[in-house]
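For reference, the structure is listed below as structure tokens.
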Amino acid sequence: MSVTVVMATYNRRDYVGDAIESVLRQRYSGFELIIVDDGSVDGTRDVIEHYARQDDRIRAVHHKENKGLAEACNTGLALARHDLIARHDDDDLMLPDRLGQQVEFLRMHPEVSVVSSWVHLIDEAGGIIGHSCPKVDLDRGIAQRIPTLFLEIIHPASMYRRSDVLKVGGYRPVKLEDRDLWGRLATSGYRIAVHPQFVALHRRHSSSLMPRSLKSFSNSATLSTAMSSEGCREMTR
């Protein structure tokens, strides 16, 4: 099963190189990396082109102006050669087994359309400041109308089936575009799951490509970052 990694970026010159390298270091080799530069003006484009010249697994596309994360992700989906899509943020770092773990999960669970996983949270300098360990109870969430039980998953730690996402219309240009997508998938009958393994270092800082601040993200972060690494491990036992 081959994977298309979709990374959207906007003005992340200081981080995007490390984000790219973490993809190229994956132990799972069956992937392509599509980087959508969403109108950067800070030299990000030069960094992307440097890596694209060195590795033919990378395909870069550049928007002439900033269109937002939803449009950038849709561009990546339109260009993808494979049905499995792994989202990756331009300032995050994949752990080496991320792609392999999630591909195997979806291979073993053909009924699942979206799988997300756990992440370590890091600050601007790369220091670990917490852990995010979301849980999903899709059936209970829908039956009891508790959206947090199927919306609070980590977008850049997700892998999904492109065909299913396109059936519900892909990304829409709204605030919290990932939650909007998960909600449409869940209410259309598609399955969402969390694989309880750490797969990435997810950076948290004052500015972000996504149109939401840390304050906007606090509902899920308040619960998940309060967990210690031991607490996350307890959930796997």
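The values are calculated or read from the model by the stated rules, or taken from the named source; none is laboratory data. Remember, it's a predicted structure, so these values are computed and weren't measured experimentally. Cβ placement follows ideal geometry from the backbone for every residue including glycine, while neighbour counts extend to all protein chains displayed.
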Any idea which residue in the range 92-145 is nearest to LEU166 (Cα to Cα), counting only those that are touching a residue at least 60 places away in the same chain (Cβ under 8 Å), of a type in the set (D, E, K, R) and loosely packed, with under 13 Cβ neighbours inside 10 Å? GLU111
Residue in the range 143-196 that is modelled with the lowest pLDDT, counting only those that are farther than 23 Å from THR4 by Cα and among the β-branched types (Val, Ile, Thr): ILE146
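Restricting to the range 167-190, what's the tally of residues that are loosely packed, with under 15 Cβ neighbours inside 10 Å and in a helix (DSSP H, G or I)?
Initially, the range 167-190 is screened for residues loosely packed, with under 15 Cβ neighbours inside 10 Å, giving 167, 169, 172-175, 187-189.
Next cut, in a helix (DSSP H, G or I) only: 167, 187.
Within the range 167-190, residues that are loosely packed, with under 15 Cβ neighbours inside 10 Å and in a helix (DSSP H, G or I) number 2.
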Can you tell me which residues in the range 19-31 are under 16 Å from the mean Cα position of the chain (by Cα) and touching a residue at least 40 places away in the same chain (Cβ under 8 Å)? ALA19, SER22, VAL23, GLN26, PHE31
Close pairs (6 angstrom Cβ cut-off, 6 or more residues apart or separate chains): more than 21 Å from ARG161 (Cβ to Cβ) in the range 57-83, of a type in the set (Gly, Ala, Ser) and in a helix (DSSP H, G or I) anywhere: ILE58/ALA52; ALA60/ALA52
Going by the conditions given, is THR4 among the polar types (S, T, N, Q), touching a His at 6+ places or on another chain (Cβ under 7 Å) and within 26 Å of VAL115 (Cα to Cα)? yes
Looking at ASP55, ASP38, ASP89, which is the one that is surrounded by fewer than 22 Cβ atoms within 10 Å (Cβ to Cβ) and either over 16 Å from TYR15 (Cβ atoms) or of a type outside the set (A, V, I, L, M, F, W, C) (or both)? ASP55
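Is one or more of the residues making up the range 201-213 closer than 26 Å to ARG81 by Cβ, at pLDDT 95 or above and within 17 Å of the chain's Cα centre (by Cα)?
Narrowing the range 201-213 to residues closer than 26 Å to ARG81 by Cβ: 209-210.
Pick out the ones that are also at pLDDT 95 or above and you get none.
Checking the range 201-213: not a single residue is closer than 26 Å to ARG81 by Cβ, at pLDDT 95 or above and within 17 Å of the chain's Cα centre (by Cα).
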Of the residues that make up the range 80-94, is at least one over 16 Å from the mean Cα position of the chain (by Cα) and either among the small types (Gly, Ala, Ser) or at pLDDT 95 or above (or both)? yes
Looking at GLU104, GLU124 in this structure, which one is acidic (Asp, Glu) and under 16 Å from VAL3 (Cβ atoms)? GLU104
Quick check on the range 64-83. Is at least one of its residues of a type in the set (Val, Ile, Thr) and in contact with a helix residue (DSSP H, G or I) (Cβ under 6 Å, 6 or more places away or on another chain)? no
So which pairs qualify, if the first residue must be in the range 32-51 and touching a residue at least 24 places away in the same chain (Cβ under 8 Å) and closer than 28 Å to VAL103 by Cβ, the second must be surrounded by 18 or more Cβ atoms within 10 Å (Cβ to Cβ) and aromatic (Phe, Trp, Tyr), the Cβ gap must be under 7 Å, and the two must be at least 6 apart or on different chains? ASP38/TYR10
